[in-house]
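Heads up, the thing below is written out as structure tokens.
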Amino acid sequence: MINRTINKQKAKRILNENGNLSGMISMEILYAMISKITETILAMAIIYVVAAAMGALTALFALMGIVGAVFTALIIAPLGYFITIVALGAIAGPFEVAHNRYYLYLKKNGIRAKAISIFDSFDFFVQFALVTGTRMVTIMWVPLLAAVLVLAITIFIAAVTKSVVVAVVLAVFGGIAVLGVAIARACQLWPMAYIQADHPQLNAEQVLERCCEMTSGHKWELFVFELSYIGWHILNVFTLGIAGILYVTPYRSMA
């Protein structure tokens with residue numbers, strides 16, 4: 001059983017001990033700078049390559065008329081989106097692992113690691129990226145397939161009934177169902193980056209197996225835990241990320 005209240009109280013106590021919060025802020029600033037610069041550069045390259053490939057395929061299928069247009073809408077566009085999101089998630093993975101390792105070290109040893117320890121994960125960059133990419137695929141493929149089916153059914157029903165209302169209702173309820181599946185999968189694989197941080201030698205299959213074991217029977221608790229920070233996340237948005245660096249991220253990560 002996860003005691004959310006006790007975890008948060010412990011996190012606040014640790015933040016107030018031995019200048020931990022100031023050390024965490026230094027790490028968060030360095031982490032934000034290094035991760036965002038690297039991710040932006042790699043993301044631009046990935047988006048350019050995927051967009052070029054998808055553009056070429058779209059132009060090719062456009063020659064097939066209405067059949068090509070439908071195929072593009074149901075297959076090519078979702079595939080491009082899927083590849084892009086997985087790739088972007090994969091390159092962010094090593095930084096997420098490094099970030100979690102910092103907090104795990106403090107939790108286990110009672111002392112902070114140096115802020116520059118976030119660079120340690122570059123030794124496993126490719127491995128962490130591959131595992132994170134696998135997580136993204138595992139989380140997304142079912143919701144994406146469901147979304148494509150919902151879109152196809154909505155188009156078909158709208159064409160048969162010629163009713164915009166029916167199509168909108170189907171799209172809304174279908175979207176809610178897809179979102180529910182995605183959230184459930186995300187909760188199931190919630191601890192992946194923490195497991196990688198603790199056991200960098202594990203491969204994707206082993207990490208996924210441990211995730212499922214750890215979250216079995218706890219997915220709702222994890223969902224509520226994340227939901228309990230919604231107010232903090234809103235504050236972070238309104239402060240353009242400053243609140244996150246100064247308090248919200250260290251508080252949540254430590255909890």
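The values are calculated or read from the model by the stated rules, or taken from the named source; none is laboratory data. Computed from a prediction, not measured in an experiment: that's the story for all the values here. Because the Cβ atoms are built from the backbone with ideal geometry, glycine has one as well, and the counts that use them run over all protein chains shown.
Picking from 237, 248, 207, which residue would you name as being assigned to a helix (DSSP H, G or I) and surrounded by fewer than 12 Cβ atoms within 10 Å (Cβ to Cβ)?
On the way: 248 fails: surrounded by fewer than 12 Cβ atoms within 10 Å (Cβ to Cβ); 207 fails: surrounded by fewer than 12 Cβ atoms within 10 Å (Cβ to Cβ).
Exactly one residue qualifies, and that residue is 237.
Here's a check for you: in the stretch 22-38, which residue that is among the aliphatic types (A, V, I, L, M) and buried (at least 18 other Cβ atoms within 10 Å of the Cβ) is nearest to residue 248 (Cα to Cα)?
Quick first cut of the stretch 22-38, residues among the aliphatic types (A, V, I, L, M) only: 24-25, 27, 29-30, 32-34, 37.
From what's left, buried (at least 18 other Cβ atoms within 10 Å of the Cβ): 24, 27.
Numbers: 24: 11, 27: 14 Å.
Per the criteria, the residue is 24.
Just to check your reading of the model, which residue among 201, 196 is closer than 29 Å to residue 226 by Cβ and outside any helix (DSSP H, G or I)?
Details: 196 fails: outside any helix (DSSP H, G or I).
When all the criteria are applied, what remains is 201.
For the list (1) charged (D, E, K, R); (2) part of a helix (DSSP H, G or I); (3) out of contact with any helix residue (DSSP H, G or I) (no Cβ under 6 Å at 6 or more places or on another chain), I need the number of the one condition that residue 39 fails.
(3)
Determine which member of the set 152, 159 is small (Gly, Ala, Ser), out of contact with any strand residue (DSSP E or B) (no Cβ under 6 Å at 6 or more places or on another chain) and in contact (Cβ under 8 Å) with a residue 12 or more places away in the chain. Steps first, please.
On the way: 159 fails: in contact (Cβ under 8 Å) with a residue 12 or more places away in the chain.
One residue alone meets the criteria, 152.
Any idea which of 226, 205 is closer than 24 Å to residue 94 by Cβ, among the charged types (D, E, K, R) and at pLDDT below 85? Show your work before the answer.
Values: 226 fails: at pLDDT below 85.
From the options 226, 205, the qualifying one is 205.
Condition first: out of contact with any Pro (no Cβ under 6 Å at 6 or more places or on another chain) and either crowded, with 17+ Cβ neighbours inside 10 Å or at pLDDT below 70 (or both). Now tell me which residues in the stretch 145-163 satisfy that.
First, pick out the residues of the stretch 145-163 that are out of contact with any Pro (no Cβ under 6 Å at 6 or more places or on another chain): 145-147, 149-163.
Within the stretch 145-163, 146, 147, 150, 151, 154, 158 qualify.
Say we look at the stretch 164-199 and pick out the residues that are touching a residue at least 12 places away in the same chain (Cβ under 8 Å) and not hydrophobic (A, V, I, L, M, F, W, C); which of these is farthest from residue 137 (Cα to Cα)? It would help to see each step written out before you state the result.
Residues of the stretch 164-199 that are touching a residue at least 12 places away in the same chain (Cβ under 8 Å), as a first pass: 167, 170-171, 174-175, 177-179, 181-198.
Pick out the ones that are also not hydrophobic (A, V, I, L, M, F, W, C) and you get 174-175, 185, 188, 191, 194, 196, 198.
Values: 174: 21, 175: 19, 185: 11, 188: 13, 191: 16, 194: 18, 196: 17, 198: 22 Å.
This residue is 198.
With the checklist (1) within 23 Å of residue 130 (Cα to Cα); (2) modelled with pLDDT of 75 or more; (3) of a type in the set (A, V, I, L, M) in hand, flag the one item residue 29 doesn't pass.
Here residue 29 meets the rest and fails (1).
Report yes if residue 184 is touching a Pro at 6+ places or on another chain (Cβ under 7 Å), within 30 Å of residue 95 (Cα to Cα) and either surrounded by 15 or more Cβ atoms within 10 Å (Cβ to Cβ) or not aliphatic (A, V, I, L, M) (or both), otherwise no.
Details: touching a Pro at 6+ places or on another chain (Cβ under 7 Å): no; within 30 Å of residue 95 (Cα to Cα): yes; either surrounded by 15 or more Cβ atoms within 10 Å (Cβ to Cβ) or not aliphatic (A, V, I, L, M) (or both): yes.
For residue 184, the condition - touching a Pro at 6+ places or on another chain (Cβ under 7 Å), within 30 Å of residue 95 (Cα to Cα) and either surrounded by 15 or more Cβ atoms within 10 Å (Cβ to Cβ) or not aliphatic (A, V, I, L, M) (or both) - is not met.
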